[in-house]
Amino acid sequence: MIISLEWSNVLTPKAQKVIDMRRDKSKFLHTDTWAHDGIYEINSDKKYVVTLATRTYSCRVWLVSGLSCSHAIATVDHRHEDITNFCDVYFTVQMYHKAYSFPFNPIPDALELSEIVHTIVLSPAARRTTGRSKKRRRKIEYKEIRPLKCSRYGVMGHN
């Protein structure tokens, strides 16, 4: 918490590092205005559609991570806006200070688990798998192999 008082950016250092890495990738992308204001088309190996008003686009990294991906960063840079306005609030230094402003007690190393120690854990019920079951072959102990005789001539090894 004390180290976080020295942070001068809007985003936490880890989030800023991710944004900087994605900004480096976005330098190679080409942004075209498409349809109407707020919807952009990004050309890279594929075409991606970015809608800044709803914070959605076809690659979905923004939706999953909460941080803008390189396609969205290329669009925001094209509009000359600040990328920190398009990141989730949870990555800001202000939210970091809020999260750690309340004191919390540490958890001890050894926990008393008296109720759990004496319970028996049973294995889950086995289900029969679909399809035909495999044959379980018995291992046969082989006896001494005798040479074959020809039924017509009675000669050994002449089959």
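The values are calculated or read from the model by the stated rules, or taken from the named source; none is laboratory data. Source: prediction; values computed, not measured. Counting neighbours? That spans all protein chains shown, and the Cβs are built from the backbone with ideal geometry, glycine included.
Of all residues in the range 88-108, those that are acidic (Asp, Glu) have Cβ atoms under 6 Å from Cβ atoms of residues that are surrounded by 10 or more Cβ atoms within 10 Å (Cβ to Cβ) and not in a helix (DSSP H, G or I), 6 or more apart or on another chain, in ASP88/GLY66.
Only residues that are modelled with pLDDT of 75 or more and either hydroxyl-bearing (Ser, Thr, Tyr) or in a strand (DSSP E or B) (or both) were counted in the range 117-159, giving 7.
In the range 1-20, the residues that are polar (S, T, N, Q) reach residues that are assigned to a helix (DSSP H, G or I) with C-beta atoms within less than 7 angstrom, at least six apart or across chains, in these pairs: SER4/VAL93; SER4/TYR96; SER4/HIS97; ASN9/GLN16; ASN9/VAL93; THR12/PHE91; THR12/VAL93; THR12/TYR96. The single condition from (1) at pLDDT 75 or above; (2) surrounded by fewer than 10 Cβ atoms within 10 Å (Cβ to Cβ); (3) touching a Gly at 6+ places or on another chain (Cβ under 7 Å) that ALA53 fails is (1).
Given the structure, is VAL89 under 17 Å from THR12 (Cα atoms) and loosely packed, with under 15 Cβ neighbours inside 10 Å? Considered against the rule, which asks whether it is under 17 Å from THR12 (Cα atoms) and loosely packed, with under 15 Cβ neighbours inside 10 Å, VAL89 comes out as yes. Kindly indicate whether any position in the range 96-116 is part of a helix (DSSP H, G or I), at pLDDT below 80 and surrounded by 13 or more Cβ atoms within 10 Å (Cβ to Cβ). No, the range 96-116 contains no residue that is part of a helix (DSSP H, G or I), at pLDDT below 80 and surrounded by 13 or more Cβ atoms within 10 Å (Cβ to Cβ). Condition first: within 15 Å of VAL89 (Cα to Cα) and in a helix (DSSP H, G or I). Now tell me which residues in the range 1-17 satisfy that. Those that are within 15 Å of VAL89 (Cα to Cα) and in a helix (DSSP H, G or I): PRO13, LYS14, ALA15, GLN16.
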